[in-house]
C-alpha cells in the first residue's frame with residue numbers, strides 16, 4: 001500500500017513537472033525586444049506623391065512593357081559590381097517609356113544603370129530619377 005501511495009505521488013509530481021516545465025521555461029526565455037524606431041520615409045513619400053511621376057504600381061502589364069522591364073532588370077542583376085541598393089531599383093515601364101527610381105550608392109552606379117536602361121529602351125525613353133545615397137559612416 002505504501003509503495004502504491006508513493007508511486008502515485010511520484011507520478012503526480014512527474015506529470016505536473018512535465019506540464020509546468022515548458023510554461024516556466026518559456027517565461028524564463030521570453031524577452032521583449034526593444035521597440036524599433038519608427039521608419040522615416042517622409043521624403044520618399046513626398047516624392048512619390050507627385051502625380052506626374054510614375055510609381056511602381058503603375059507598371060503596365062502589356063507584353064512589350066514587361067519585356068523591357070525584364071531585360072533591364074536582368075542587365076542590372078548580371079552586373080556584380082553594383083551594390084545591393086542598385087540591384088533593387090524600381091523600373092517602371094509605361095508605353096515604352098522607362099522611369100528608374102530608388103537609391104544607389106554612387107554617381108557611377110546611377111550612370112551605369114541609366115546606360116543599361118537606354119541600351120534596352122532606346123535613347124530618349126529613359127527618365128533616370130535615381131538618388132545617390134552614400135553609405136552611412
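Once you order the gyration tensor axes a ≥ b ≥ c over the Cα atoms, which shape class does the stretch 54-132 get: rounded for a/c under 1.5, otherwise prolate or oblate by comparing a/b with b/c?
prolate
What FRET efficiency comes out for residue 136 versus residue 87 if R0 is 25 angstrom and r is the Cβ-Cβ distance? Round to the nearest 0.05.
Working: r = 19 Å, r/R0 = 0.74.
Given R0 = 25 Å and the Cβ-Cβ separation, E is 0.85.
From the square roots a ≥ b ≥ c of the eigenvalues of the alpha-carbon gyration tensor of the stretch 70-115, which class results: rounded (a/c under 1.5), prolate (a/b over b/c), or oblate?
Details: a/c = 1.95, a/b = 1.51, b/c = 1.29.
Note, shape of the stretch 70-115 comes out prolate.
Every number in this text was worked out from the coordinates using simple rules, so none of it is lab data. Please read all numbers here as calculations on a predicted model, not as lab measurements. Methodologically, a virtual Cβ is constructed for each residue, glycine included, from the backbone with ideal geometry; neighbour enumeration extends over all protein chains shown.
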